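Below is one structure; the comments refer to it alone.
The values are calculated or read from the model by the stated rules, or taken from the named source; none is laboratory data. This structure is a prediction, so every number in the text was calculated from the model and none was measured. Here Cβ is always computed from backbone atoms with ideal geometry, including for glycine, and neighbour counts include all displayed protein chains. Remember, those area values only see protein heavy atoms, side chains included, never the ligands or the DNA or RNA. Shrake-Rupley method; radii C 1.70, N 1.55, O 1.52, S 1.80 Å.
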Amino acid sequence: MQDKGTFISPFPRPRCLAAAAPAGKAKLTHPGKAILAGGIAGGIEICITFPTEYVKTQLQLDERANPPKYRGIGDCVKQTVQSHGVKGLYRGLSSLLYGSIPKSAVRFGVFEFLSNRAKDESGRLDSTRGLLCGLGAGVMEAVLVVCPMETVKVKFIHDQTSANPKYKGFFHGVREIVRAQGLRGTYQGLTATVLKQGSNQAIRFFVMTSLKNWYKGDNPNKAINPLVTGVFGAIAGAASVFGNTPLDVIKTRMQGLEAHKYKSTLDCAVKILRYEGLAAFYKGTVPRLGRVCLDVAIVFIIYEEVVKVLNTVWKTD
């Protein structure tokens, strides 16, 4: 162990580790590769899983006081298809697609940037540091991408339930929201979104890091089969759903068309608890669980595989 090497490790370490590792299996992933791979993974994933996101959002917006419009997941799907056809389950996809690509790009880019500096000399990232790196990635994606993207998405979906929908498309909707509420209108529920995304990614990367370390044992360069990566991703996704669905419900309410009813994130939480009970914080859990488990599994599989391809065509040593 060289003291000097330890002192200057933030800069030469990625190059040394990459050179020592087998081709295409470098210990450290260049943030640029992470951004590109993350964007590709995010775009493919959302096209596959969006209907479950649509149903989850509808159920969360369906307040008991209205009274409820839907009797459950199946009824929500049935009513949507009857009223708007199968394409109705994809209402708001454009807003989420436009955002999912940069969201995943920011998430993985920031995570790799932070984790490259948090790994020990053997290239191993422990679970606690994985949690902190995930937290940092989640907060960054919330501020830069997720909050405005989610606000537009929720308004689009909520708008469809009104008698006279006013948004004709993504750009028209954004233009109308900004015209009526200013840029601030796309940042409704920022606090709830930061809390949700921060905790989301902290939990997911903590679980993924823990499972990867367990699987690799003493060999940090041990390859992981894509199917194993998918199983680990699904477990990480499930953990994040059970851990922060209440925050997701609050965020959704704060971004809906009736967000004016709430003075703040805390006020929203108090009113949900007072008028709808504790169970309301877990509305949409089942469809969210299905979507998120599939989402995280797909994203991590595609991300890891794209990084492998990039390592062969993009040399960063």
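Looking for something under 20 Å from Thr252 (Cβ atoms), open to solvent by less than 10 Å² (accessible area, probe 1.4 Å) and free of Cβ contacts under 8 Å to residues at least 24 places away in the same chain - is there at least one such residue anywhere in the stretch 47-59? No, the stretch 47-59 has no match at all. Taken over the stretch 12-62, the criterion of being out of contact with any helix residue (DSSP H, G or I) (no Cβ under 7 Å at 6 or more places or on another chain), modelled with pLDDT under 85 and outside any loop (DSSP other than H, G, I, E, B) is satisfied by Arg13, Arg15, Cys16, Leu17, Ala18, Ala19, Ala20. Among the residues in the stretch 113-129, are any out of contact with any strand residue (DSSP E or B) (no Cβ under 6 Å at 6 or more places or on another chain), closer than 22 Å to Phe156 by Cα and either part of a helix (DSSP H, G or I) or open to solvent by 60 Å² or more (accessible area, probe 1.4 Å) (or both)? Among the residues of the stretch 113-129, not one is out of contact with any strand residue (DSSP E or B) (no Cβ under 6 Å at 6 or more places or on another chain), closer than 22 Å to Phe156 by Cα and either part of a helix (DSSP H, G or I) or open to solvent by 60 Å² or more (accessible area, probe 1.4 Å) (or both), which makes the answer no. One residue stands out among those in the stretch 210-225 that are more than 20 Å from the chain's Cα centre (by Cα) and touching a residue at least 60 places away in the same chain (Cβ under 8 Å): the one that is nearest to Arg129 (Cα to Cα), which is Asn213. With respect to the conditions (1) closer than 30 Å to Leu278 by Cα; (2) modelled with pLDDT under 90, Gly136 falls short on a single one, namely (2). Scanning for something open to solvent by 20 Å² or more (accessible area, probe 1.4 Å), among the polar types (S, T, N, Q), without any contact (Cβ under 8 Å) to a residue 12 or more places away in the chain and part of a helix (DSSP H, G or I), does the stretch 82-101 turn up at least one residue? Checking the stretch 82-101: at least one residue is open to solvent by 20 Å² or more (accessible area, probe 1.4 Å), among the polar types (S, T, N, Q), without any contact (Cβ under 8 Å) to a residue 12 or more places away in the chain and part of a helix (DSSP H, G or I). The set of residues in the stretch 175-193 being open to solvent by less than 40 Å² (accessible area, probe 1.4 Å) and in a helix (DSSP H, G or I) consists of Ile177, Gly185, Thr186, Ala192, Thr193. For Ala65, the conditions (1) modelled with pLDDT of 85 or more; (2) open to solvent by 20 Å² or more (accessible area, probe 1.4 Å); (3) among the hydrophobic types (A, V, I, L, M, F, W, C) all hold with the exception of (1).
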